[in-house]
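Working notes, beginning with the structure itself.
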């Protein structure tokens, strides 16, 4: 690079056995986190579905959506929609750091080069440096080079410490979001199993008891006292948690 980079944007993929796959990005500016530019991207690709995750495809999708590109090669031939939903824009970073090794970086670069907007592609490749950081050996790769970069001082060099800081920040953000997502999905699954509980009533129940766990240990009379809940629904809620406890 001709000058020292100021901004680094890092991408991480997380999922649970292919379920709820998301890409998260975080940014460091002059070595400090900038939370207003943090993003999480729910992956839309048909290649990423419950029980079947493809980190290469997920990273490629996240990058082309981040930079306002549409992937062309391969998807048109399969008759797939070549457009993804957009995500909020932010300034172009000096560096994009991909979670993974040569394969993940190659997938991202291929997606950019195969985009339907050559002008935008050229601008991005000219202004942004793409790197990948492999976890196992803490190796850094650049596009079209099979060998990792060597830093004087190794993994304890200033450059490596900065890249690792960026990686850890993105990973922590991804873990936080996934915990929130799992909690939301769990809450929805519990209420979906109990007929007649409307969205407004669900919200009032959680506001009253604080959590789904507290609701599961509440008395039937306390549940029925919540606005929008009748005695039959309160009884159904109690019965649901009793059955769940017996099955665990």
Item checked: Residue order, fewest to most beta carbons within 10 Å, for 126, 204, 135 -> 126, 135, 204
Next item on the list: For residue 34 and residue 149, compute 0.36 nm times the residue count separating them, minus their Cα-Cα distance, and round to one decimal in nm.
Entry: 38.7 nm
Next item on the list: Can you put 14, 235 in order of Cβ neighbours within 10 angstrom, beginning with the fewest?
Entry: 235, 14
Margin query: Could you tell me the relative contact order of region 193-247? Use alpha-carbon pairs under 8 Å, at least six residues apart, and round to a whole percent.
Written below: 39
Next item on the list: Counting other beta carbons within 10 Å of each Cβ, put 109, 27 in order, fewest first.
Entry: 109, 27
Check: Which of the peptides 220-227, 94-101, 38-45 is most tightly packed, and how do the rest follow, going by the mean number of other Cβ atoms within 10 Å of each residue?
Finding: 94-101, 38-45, 220-227
Item checked: Approximate spin-label separation residue 206-residue 168, in nm, with each point projected 7 Å along Cα-to-Cβ -> 3.2
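Computed from the coordinates by the stated procedures, all read-outs in this text should not be read as laboratory data. Everything numeric in this text was worked out from a predicted model, so none of it was measured. Here the Cβ is made from the backbone with ideal geometry for all residues, glycine too, and neighbour counts use every protein chain on show.
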